[in-house]
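Asker: For reference, the structure I am asking about is given below.
Read the figures in this text as sums done on the coordinates, not as results from a lab. Everything numeric here is computed off the predicted structure, so don't read it as measured data. Here the Cβ positions follow ideal geometry from the backbone for every residue, glycine too, while neighbour counts run over all protein chains shown.
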Amino acid sequence: MNEHGDAVWRACVAYIPAHDAEDVLQNTFLKFAMHDQAFSNTEHEKAWLLRVAINECKDTLKAARAKNISLESRLEAYNDHLLGIQDDSTQTEIGIKRILEAMDALGDPPKTQVYLSLVEGYTASEISEMTNMPENTVYSWISRGRKRLREVLS
Amino acid sequence: MANNKEHQVKEAIEAIHLPDDIAARTLASIEAKRKQQ
C-alpha cells in the first residue's frame, strides 16, 4: 500500500467519487492481499493493481447507470482534502477539477488509454496488455485522446 | 504548448495522494478479512 497506494487512489478518483473510490481501493488491495500468484517485480504489481482498480471503477459506474444514479455531480463535491492534495504549491494553472472534467469528456475509450499513457507513463504495448486491446488500436486511441484533451483544455 | 498542457495534467493528477485516514481504514479492512479466513 505504501508503494502503490497513491497511484491506485489517483486512478480511482479520476473515475468515480471519493466515497466510492474508497470502496474500490479497499476491494483492490483486498484482492491483492488474497492474490496467490507471485508478481515478477513491483512494476508488475502496480500494473496489476491499476488494471483491477480501473475495472472496478468501470463496474461501479455501470452499476450506477443501471440504477439510474447520477455520478455526474461528483466533481461538485470535490475538494483538496477529499482528493488528498496536500500541497498548494503543486496546484497547476488549469486546476484539478477542470482536468478531471476534461478527462471525463473524452469518454472511455480513450480515457483509460490516455490516463495510463499520460499520467503513469505506460507504452502502447503495456497498455495493450493491461486493457486487452490490440496495440495499434491503443496507439490510435492515445493519439486521438491526447489531441482531444489538449483541445478541451485550450 | 501541447506538451505544456499535458505536463499540467500529469502534474495536477500527481498532486493527488492517498489520504492517511483512507489508507488506515483500508489496512484495517484487509486485516479484518484476513482474520475471518
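Asker: Counting only other chains, what is the mean number of Cβ atoms within 10 angstrom of the Cβ of each residue in peptide A:135-148? Mind dumping the intermediate values first?
Answerer: Numbers: counts 0, 0, 0, 0, 0, 0, 0, 0, 0, 0, 0, 4, 1, 0.
The per-residue average across the peptide is 0.
Asker: Then there is this: Might you report the magnitude of the Cβ-based charge dipole of the protein assembly as shown about its Cα centre, with Lys and Arg at +1 and Asp and Glu at -1, to the nearest 20 debye?
Answerer: Here the size comes out at about 660 debye.
Asker: Moving on to the next point. Tell me, what is the Rg over Rh of the protein assembly as shown, with Rh the Kirkwood radius over Cα pairs?
Answerer: 0.95
Asker: Provide, for the protein assembly as shown, the number of lysine pairs with alpha carbons under 20 Å apart, each pair being eight or more places apart or on different chains.
Answerer: Number of lysine pairs found: 20.
Asker: Which order do the peptides A:11-23, A:51-63 come out in when sorted by mean C-beta neighbours inside 10 angstrom, highest first? Walk me through the intermediate numbers first.
Answerer: Numbers: A:11-23: 21.5, A:51-63: 17.9.
Listed from highest to lowest mean packing, they are A:11-23, A:51-63.
Asker: I've got another one for you. So for segment A:98-142, averaging the separation of alpha carbon pairs under 8 Å that are six or more residues apart and normalising by length, what relative contact order in percent results?
Answerer: Details: 29 pairs, mean separation 15.7, N = 45.
In percent, rounded to a whole number, it is 35.
Asker: Let me ask another. If you keep only loop residues by DSSP, which GluC sites (Glu not before Pro) in chain B have at most 10 other Cβ atoms within 10 Å of their Cβ?
Answerer: none
Asker: Per residue of segment A:41-49, what does 6.51 cos²θ - 1.76 cosθ + 1.60 with θ = phi - 60° give for ³J(HN,Hα)? Whole Hz please, x for Gly and Pro, Karplus curve as stated.
Answerer: 6, 5, 5, 4, 4, 4, 4, 5, 4
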